[in-house]
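One structure below.
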Amino acid sequence: MEAELNFSRQNNEKLVFRLSGDWKLGASLPSVDEVRKQLEAVPRARLAAFETRDLHSWDSGLLTFLLKIIGQCSELNVQVEKEGLPPGVQRLLALASAVPERKGTRKGETRISFLEGLGEWAISFRRANLELLAFIGEVSAAFAALLTGRAKLRPADLFVIIQECGAQALPIVSLISFLVGLILAFIGAIQLKIFGAQIYVASLVGIGMVRALAAVMTGIIMAGRTGASFAAQLGTMQVNEEIDALRTLSISPIEFLVLPRMLALFLMMPLLSLYADLMGILGGLVIGVTFLDLNFMEYYNKTLEAVALKEVWIGLFSASVFGIIVALAGCLRGMQCGRSASAVGEATTSAVVTGIVGIVAATAIITVICNVLNI
């Protein structure tokens with residue numbers, strides 16, 4: 001049946017559109033020009049409504065036509081009543097017109113005052129801290145469930161993540177740690193050469209790498225490599241509603257997704273830090289032997305003399321803390337991710353920034369504690 005559009009007025013203020021027949025793409029649909037004439041006719045209508053009792057079948061052709069009518073009504077300040085349309089059409093129209101509001105693009109938006117901006121920042125800061133504390137609480141509960149054997153965690157997933165953030169990270173850790181040790185030796189040699197004390201380059205590189213620099217550089221590398229990966233993985237799962245599916249199946253996403261990632265990074269960071277210690281000392285050795293005319297055994301013995309076991313334990317403890325911080329930042333931002341591709345990118349960036357800031361802050365706190373304890 002051919003699509004037909006008829007008009008009728010009620011009280012000269014309400015214009016009713018009567019739709020009948022088959023409204024489908026490819027069919028001969030009425031023109032919207034006639035609708036414009038009816039809307040602008042004297043007296044002008046203030047309200048538009050629809051009647052679809054004789055409407056047989058429809059597809060996107062009807063939706064396109066209705067969107068044009070609604071747009072014309074909006075231009076002429078005519079209110080539209082959609083109750084007369086089929087429920088499916090109403091839902092699709094609502095979906096088509098649901099455009100998310102962007103910050104800073106509202107028409108007539110005025111600049112907020114300093115105090116208002118400060119208040120909004122304080123509220124968002126408080127909300128972020130509450131979310132962080134809640135996440136830490138959920139992770140702690142999941143870890144307690146793991147210790148009692150009640151956590152829903154697959155060992156296969158844990159081993160795969162251990163490989164990804166352990167063995168596969170060795171090349172980049174090797175390169176960066178070797179170069180850091182080399183640079184540290186160069187910088188120390190510039191001053192020590194003045195006093196003829198080049199041999200102390202071994203002490204400088206050994207203590208610097210073992211106590212702090214190896215753990216810090218490894219943590220920063222893992223924040224940019226693994227923390228971002230965790231955020232992107234969990235964020236994509238959030239977009240694809242996979243995390244919602246786990247909750248529907250009564251599987252805790254914290255136990256199934258977050259816990260293996262945190263355990264893997266917590267276990268691998270000390271080992272990677274030890275490896276970084278070795279590569280950093282090796283970089284200093286290359287400079288000492290090549291440019292400072294030091295003997296290999298001289299450099300080796302001076303390093304053993306300078307580096308005490310407590311320096312190694314401080315570095316390993318720092319690396320473990322950094323592993324927890326990086327995993328926590330990556331998983332938290334991934335779980336907080338929105339439902340769009342841009343949100344995944346924002347979560348990844350935020351995870352890296354949060355991880356690096358956390359590592360620097362933790363380094364400062366550990367240094368002050370060690371100084372207070374005189375270790």
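The values are calculated or read from the model by the stated rules, or taken from the named source; none is laboratory data. Because the structure is a prediction, the values reported are computed rather than measured. Glycine gets a Cβ as well: all are built from the backbone with ideal geometry, and neighbour counts include every protein chain shown.
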Failed criterion for ALA141 (all others in (1) modelled with pLDDT of 90 or more; (2) within 30 Å of THR290 (Cα to Cα); (3) hydrophobic (A, V, I, L, M, F, W, C); (4) surrounded by fewer than 16 Cβ atoms within 10 Å (Cβ to Cβ) hold): (2)
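To keep it simple, each residue is scored yes or no on (1) at pLDDT 80 or above; (2) assigned to a loop (DSSP other than H, G, I, E, B).
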residue: ARG53; (1), (2): yes, no
residue: THR64; (1), (2): yes, no
residue: ILE70; (1), (2): yes, no
residue: CYS73; (1), (2): yes, no
residue: GLU83; (1), (2): yes, yes
residue: VAL99; (1), (2): no, yes
residue: THR105; (1), (2): no, yes
Lone unmet requirement of (1) part of a helix (DSSP H, G or I); (2) crowded, with 17+ Cβ neighbours inside 10 Å for ALA48: (1)
Selection count, the stretch 6-26, where residues are over 16 Å from LYS82 (Cβ atoms) and surrounded by 14 or more Cβ atoms within 10 Å (Cβ to Cβ): 5
All positions within the stretch 286-299 that are in contact with a Leu (Cβ under 9 Å, 6 or more places away or on another chain) and in contact (Cβ under 8 Å) with a residue 40 or more places away in the chain: VAL286, ILE287, GLY288, LEU292, LEU294, TYR299
LEU146 at pLDDT below 90 and outside any helix (DSSP H, G or I): no
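Among the candidates LEU192, LEU175, LEU170, LEU179, which residue alone is crowded, with 17+ Cβ neighbours inside 10 Å and either in the same structural domain as GLY288 (by TED's automatic domain parsing) or part of a helix (DSSP H, G or I) (or both)? Before the answer, list the steps.
Numbers: LEU175 fails: crowded, with 17+ Cβ neighbours inside 10 Å; LEU170 fails: crowded, with 17+ Cβ neighbours inside 10 Å; LEU179 fails: crowded, with 17+ Cβ neighbours inside 10 Å.
Answer to the check: LEU192.
In the stretch 188-201, what residues are among the hydrophobic types (A, V, I, L, M, F, W, C), at pLDDT below 90 and under 43 Å from the mean Cα position of the chain (by Cα)?
Going through the stretch 188-201, the residues among the hydrophobic types (A, V, I, L, M, F, W, C) turn out to be 189-190, 192, 194-195, 197, 199, 201.
Of the ones still in play, those that are also at pLDDT below 90 are 189-190, 192, 194-195, 197, 199.
ALA189, ILE190 - these are the residues of the stretch 188-201 that are among the hydrophobic types (A, V, I, L, M, F, W, C), at pLDDT below 90 and under 43 Å from the mean Cα position of the chain (by Cα).
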ILE375 assigned to a helix (DSSP H, G or I) and either assigned by TED's automatic domain parsing to the domain that holds LEU175 or loosely packed, with under 14 Cβ neighbours inside 10 Å (or both): no
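So that you can scan it fast, the table gives a plain yes or no per residue for (1) assigned by TED's automatic domain parsing to the domain that holds LEU85; (2) under 15 Å from LEU67 (Cα atoms); (3) of a type in the set (Ser, Thr, Tyr):
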site: ASP22; (1), (2), (3): yes, no, no
site: SER28; (1), (2), (3): yes, no, yes
site: ASP33; (1), (2), (3): yes, yes, no
site: LYS37; (1), (2), (3): yes, no, no
Cβ pairs under 9 Å, 6+ apart, first in the stretch 116-131 and in contact (Cβ under 8 Å) with a residue 12 or more places away in the chain, second in a helix (DSSP H, G or I) and surrounded by 10 or more Cβ atoms within 10 Å (Cβ to Cβ): GLU131/LEU332
Within the stretch 311-352, tally of residues that are farther than 18 Å from MET269 by Cβ and surrounded by fewer than 15 Cβ atoms within 10 Å (Cβ to Cβ): 7
Top-ranked residue in the stretch 45-97 [being more than 40 Å from the chain's Cα centre (by Cα) and of a type in the set (Val, Ile, Thr); ranked as farthest from GLU4 (Cα to Cα)]: VAL78
Any hit, the stretch 243-255, residues being touching a residue at least 12 places away in the same chain (Cβ under 8 Å), surrounded by fewer than 24 Cβ atoms within 10 Å (Cβ to Cβ) and farther than 24 Å from ALA327 by Cα: no
